[in-house]
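Accompanying notes for the structure given below.
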Amino acid sequence: MVTTVSPGCNTPLLGHGHSAGEGSPMRPSRRRLLGAGMAIPFAPATLAQDGLRRPLLTVGVAELPPTLEPARELSNVGTRVTYSIFDTLIRRDFAGCPDGGGSALKPHLATAWTRNDPQELVLTLREGVRFHNGDLLTAEDVAYTFTSRRMFGTDALLPEARSYFATLASVEALSPQVVRFRTRVPDVLLEHRLASWCAWIVNKRAYEELGIEGFGRAPVGTGPFRVRALQTDLRIVLDAFDDYWMGRPTARGVVFRQIPELAARVAALQAGDVDLITNVPPDQVAALHASPGIEVKSVVLANCHVLTFNERGAAMGDKRVRQALGLALDRQLLADTLWDGKAVVPPGHNYPEYGPMFLEGRSLRHDPADARRLLRAAGYRGEEIIYRTMPNYYTNALRAAQVAVEMWREVGINAKLQVVENFAQMRAAGQQIGNNSNSTRLPDPLGALWVSWGPASWFQVSGAFRSTDAFNTAGQALEAETDPARRKALFRQMLDAWEEEAPGTVLYQPAEFYAMRRQVRWQPYTFYFMDLRPDNLSFA
C-alpha cells in the first residue's frame, strides 16, 4: 500500500509506504529559529557565480573527526562534515520548516519507494548519479552499504550502526536501479531510517579496495563535495564535485579548520581568516553582532545534553543516589544563566517532534528535599563521586559541570570534577559521571532514547547501564509494534524504566550558534549537519 502526502512541516510518523515527492506528516515542531541571517566576506572578485571563480568557504570548528567513515563517525563533529560528502536514499526536508527542523521525507538518491508488506520496502534509484571516483550509483552499492558484515550483523565492522538498523534482515539488488529492504519485524520507521544517521551510501568498489580504515581517510560518496585531504587535528579540505546530480556546488571548496579555543575562532572570523565559526556560546552573540560584516544565526537542536551515571563504582550502584543526582539539578536555572534562556528544558527524553507519540504531562523535577531523602535512604555518607568532562566538545559543558557540582554539594553529594581531553579519557576506569548528547535522529522514541541507550549503545555494552531488563523489554517490543496506541504505551513503559533506573539525566536542549560573514546565505538545521548543497548555500 502506498500513502501519499504532501511534504511540509507536518509529517506523519507511521506511513505504510511512500512514492516520489511524498512524506510522512507529524506535529509541528516547537523549536524556534533564533537570530538573523548569517554572513561571510570574500574579495569581490571571488563572489560572482556566473562563470567567474567561486568562493572558497572556510569554517572554524572546535574539533575535527578522526575519520570520515560515515557510519563510524556519528559524532556532532563528524556528521557536520560527512553530511556534504555523502547522500542518503531518502532526504529529510529540514528546510521545509522555518526552524530548520522539518521532518517531511522527499526523494533523494531514490526517486520512489513502495511498501509491498509491513516488512518489505522496494526503492527505485535515480539514474545517472555518479560517485566521486566516476562510478555510476547502482543497487549493488546500496546493498553493499547495508551488508550484515558492515552494518547490522552481530560481528558488524560498525557496531554502532546496529542501533540504527537493528531491524534489518536483508538488502538485495533486484536490478541495477531497484533495491529491496526486508526487516525481521514490521518496522514503521524504515523510511525515516533511510533518511537519517548511518544511511549514507558508500561506493562499493572504493570500500573494497581501501578497506574500512583507508576508506575513512579517503571516502568516496555521491555528495556535493569530495575529500582532498584529511589532516588530523588540523584541517579537512573538500573540493567541489561539479558532476553532483543536484547541480554544481556554489563554493569551489570547503576547508574545516580546527581551532579549539573560542577566542581564537572569534579572532579568525573577525580577521577574515575564516568565514564561519561553530560552537559560539550565547554570551558572545552580542559582541559578534556588533562586529562589522558579521551576523549570527542560532537554532534549538533536536538534541539534548545529558549527564551519564555509571552504575559501577562506589555509591553509584544504588539507583537512589543516581535519582538524587537528577533531582538536585535546577535545569531551568542552567538554561537561563548559561544559555541566555535560549536552551529548552524538555519534559524528559520526550519531545514534541514525536507527534502523536509525545507523552503529555511529564516534566523533569527539581526537588532538593527529595534528593536529600533518597541519599539518606541509600546510606550515602559523602563518598567521592568522580565527574569527568571535556572543556570544548560540548558548548558550555565545563560551565554546566561547575554549576552542577555546586548544586550537588547543597544536597550533600561530594562530586569531584576532572577535566579531560577526549571520550577515551572520560570513560576510562574510575569515571562515575560523564557528559554526552543524545540526538533525536528519527522523530520517534526509537530514534532517540532507544538508539542512545539501547542494547547496542556504549552504555549497555560497557556495563555502565546494567539495570536494563524493563527498559530493553519495552524497547524491543516497540521496535516490532505497528499499532499507534500500543506503541505509545510501550514508549511510556520504556521511559518510566529509564527514569526509574536513572543511568543518566537530561539537562536541556542546547541552542547552536553560528557566526559568519555577511555574504553567506546558509540555513542551519536542528542537527549538527552542515548542509552545503546548492539549495542551502549561496553567496551574496
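The values are calculated or read from the model by the stated rules, or taken from the named source; none is laboratory data. Predicted model only: the values in this text are computed from it and were never measured. Don't worry about glycine lacking a Cβ; one is built from the backbone with ideal geometry, like all the others, and counts go over all protein chains shown. Keep in mind that these areas ignore ligands, DNA and RNA; they rest on the heavy atoms of the full protein, side chains included. Shrake-Rupley method; radii C 1.70, N 1.55, O 1.52, S 1.80 Å.
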* To do: Evaluate region 405-413: report whether one residue or more is closer than 28 Å to residue 258 by Cβ and surrounded by fewer than 22 Cβ atoms within 10 Å (Cβ to Cβ).
  => no
* Structure fact -> Note on region 222-249: residues farther than 17 Å from residue 67 by Cβ, in contact (Cβ under 8 Å) with a residue 40 or more places away in the chain, open to solvent by 20 Å² or more (accessible area, probe 1.4 Å) and touching a strand residue (DSSP E or B) at 6+ places or on another chain (Cβ under 9 Å) are 243, 245, 248
* Structure fact -> By residue number, the members of region 132-157 that are under 27 Å from the mean Cα position of the chain (by Cα) and farther than 19 Å from residue 175 by Cβ are 132, 148, 149, 150, 151, 152, 153, 154, 155, 156, 157
* To do: Inspect region 468-489 for any residue being in a helix (DSSP H, G or I), more than 24 Å from residue 118 (Cα to Cα), open to solvent by 20 Å² or more (accessible area, probe 1.4 Å) and of a type in the set (S, T, N, Q) and give the result as yes or no.
  => no
* For residues that are of a type outside the set (A, V, I, L, M, F, W, C), closer than 24 Å to residue 249 by Cα and in contact with a Phe, Trp or Tyr (Cβ under 7 Å, 6 or more places away or on another chain), tally how many sit in region 205-235. => 6
* Asked: Quick check: anything in region 384-392 open to solvent by 10 Å² or more (accessible area, probe 1.4 Å), modelled with pLDDT under 95 and either closer than 30 Å to residue 63 by Cα or in contact with a Cys (Cβ under 7 Å, 6 or more places away or on another chain) (or both)?
  -> yes
* To do: Looking at (1) surrounded by fewer than 22 Cβ atoms within 10 Å (Cβ to Cβ); (2) in a helix (DSSP H, G or I); (3) in contact (Cβ under 8 Å) with a residue 24 or more places away in the chain, find the lone condition where residue 336 falls short.
  => (3)
* Structure fact -> Reported set for region 148-177 where residues are over 24 Å from residue 438 (Cα atoms) and among the hydroxyl-bearing types (Ser, Thr, Tyr) is 148, 170, 175
* Structure fact -> Scanning region 341-374 residue by residue, the ones that are open to solvent by 10 Å² or more (accessible area, probe 1.4 Å), outside any loop (DSSP other than H, G, I, E, B) and either modelled with pLDDT of 95 or more or within 22 Å of residue 330 (Cβ to Cβ) (or both) total 7
* Asked: Which residues, counting only those in region 244-291, are under 16 Å from residue 519 (Cα atoms) and among the aliphatic types (A, V, I, L, M)?
  -> 251, 254, 269, 271, 274, 276, 277, 288
* **Checklist (1) within 16 Å of the chain's Cα centre (by Cα); (2) modelled with pLDDT under 95; (3) among the charged types (D, E, K, R); (4) not in a helix (DSSP H, G or I) applied to residue 53, failing item** => (1)
* Structure fact -> Taking region 393-436 and keeping only residues that are touching an Asp or Glu at 6+ places or on another chain (Cβ under 7 Å) and either charged (D, E, K, R) or not in a helix (DSSP H, G or I) (or both), one is left with 393, 414, 416
* Please enumerate the residues belonging to region 123-143 that are open to solvent by 30 Å² or more (accessible area, probe 1.4 Å), β-branched (Val, Ile, Thr) and within 28 Å of residue 185 (Cβ to Cβ). => 124
* What residue, of 296, 285, 266, is under 22 Å from the mean Cα position of the chain (by Cα), surrounded by 15 or more Cβ atoms within 10 Å (Cβ to Cβ) and hydrophobic (A, V, I, L, M, F, W, C)? -> 296
* **Single residue of 65, 44 found to be modelled with pLDDT under 50 and either surrounded by fewer than 22 Cβ atoms within 10 Å (Cβ to Cβ) or touching a helix residue (DSSP H, G or I) at 6+ places or on another chain (Cβ under 8 Å) (or both)** => 44
* Residues in region 174-183: is at least one in contact (Cβ under 8 Å) with a residue 40 or more places away in the chain and touching a Phe, Trp or Tyr at 6+ places or on another chain (Cβ under 8 Å)? -> yes
* To do: Restricting attention to region 97-106, report how many residues are outside any loop (DSSP other than H, G, I, E, B) and either touching a His at 6+ places or on another chain (Cβ under 8 Å) or open to solvent by less than 30 Å² (accessible area, probe 1.4 Å) (or both).
  => 1
* Taking the residues in region 170-221 that are among the aliphatic types (A, V, I, L, M) and assigned to a helix (DSSP H, G or I) as candidates, determine which candidate is surrounded by the fewest Cβ atoms within 10 Å (Cβ to Cβ). => 212
* Structure fact -> Across region 399-417, the tally of residues that are of a type in the set (A, V, I, L, M, F, W, C) and out of contact with any helix residue (DSSP H, G or I) (no Cβ under 9 Å at 6 or more places or on another chain) stands at 2
* **Complete set of residues in region 251-263 that are under 16 Å from residue 522 (Cβ atoms) and surrounded by 22 or more Cβ atoms within 10 Å (Cβ to Cβ)** => 251, 254, 256
* To do: Determine, yes or no, whether residue 157 is open to solvent by 20 Å² or more (accessible area, probe 1.4 Å), at pLDDT below 95 and more than 23 Å from residue 121 (Cβ to Cβ).
  => yes
